[in-house]
Amino acid sequence: MAKERILVVDDEEDILELVGYNLRKEGYEVECADTGEKALNAARARAPDLIVLDLMLPGVDGLEVCRVLKNDPATSHVAIVMLTAKGEEADIVAGLELGADDYVTKPFSPRVLVARARAVLR
């Protein structure tokens, strides 16, 4: 069986490394991007099964990345878990209404994030 592909998008290198390491350890194929533009290009080039997406990104922010991908028929099926420091109720509601499948706030437990990714991919 082919490994499921996950695109991790965050502008903090330590978060990319932490999340990538934990997902790879669980057997997922992981690609990383550090800007919204790179995330859009990567998702369009080869649609992942799941995107772990930060909201506060340089240039195109995570909400816009989510909106663009969910409105594109080629990528609308891709699951999105938002991973962000923005934990206000309005932020969570906005993310979920734009099409995110789950929302995890920082600081976060890598084990919980992996469990949520697994649940979304089921």
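Brief remarks follow.
- Only DSSP H runs of four or more residues enter the estimate; each adds -39500 (n - 2.57), and after division by the residues of the chain the mean residue ellipticity at 222 nm equals -13500 deg cm²/dmol.
- Directionally averaged projected area (convex hull, Cα atoms, the chain), nm²: 6.8
- Whole-Hz Karplus values for region 3-15 come out as 6, 6, 9, 10, 9, 9, 10, 7, 8, 9, 4, 5, 5 Hz, taken residue by residue from phi with 6.51 cos²θ - 1.76 cosθ + 1.60 and θ = phi - 60°; glycine and proline positions read x.
- Point-to-point label distance, Arg44-Asp14, nm (Cα→Cβ direction, 7 Å offset): 3.4
- Probe 1.4 Å, accessible area per residue of the chain, Å²: 52
- Region 1-71: C-alpha gyration tensor shape, a/c 1.5 cut-off, then a/b vs b/c: oblate
- Within the chain: Cβ-based charge dipole about Cα centre, in debye rounded to nearest 20 (Lys, Arg +1; Asp, Glu -1): 600
- The order of Glu64, Glu26 by accessible area, most exposed first and with a 1.4 Å probe, is Glu26, Glu64.
- Size of electric dipole in region 16-57: Cβ of Lys, Arg +1 and of Asp, Glu -1, about Cα centre, debye, nearest 20: 100
- Taking the 1.4 Å solvent-accessible surface of the chain as the whole, the part contributed by carbon and sulfur is 50%.
- GNM result for the chain, Cα springs below 10 Å: residue of Leu83, Leu18, Leu57 fluctuating most strongly: Leu18
- Annotation: Tyr21 carries an accessible surface of approximately 140 Å², with a 1.4 Å probe and no ligand, DNA or RNA atoms counted.
- Exposure check, 1.4 Å probe, all protein chains in place: Lys86 carries approximately 70 Å² of accessible surface.
The values are calculated or read from the model by the stated rules, or taken from the named source; none is laboratory data. Please read these numbers as outputs of a predicted model, since none were measured by experiment. Every residue, glycine among them, receives a Cβ derived from its backbone with ideal geometry; neighbour counts consider all protein chains shown. What goes into the accessible areas is simple: the full protein's heavy atoms, side chains included, and nothing from ligands, DNA or RNA. Shrake-Rupley method; radii C 1.70, N 1.55, O 1.52, S 1.80 Å.
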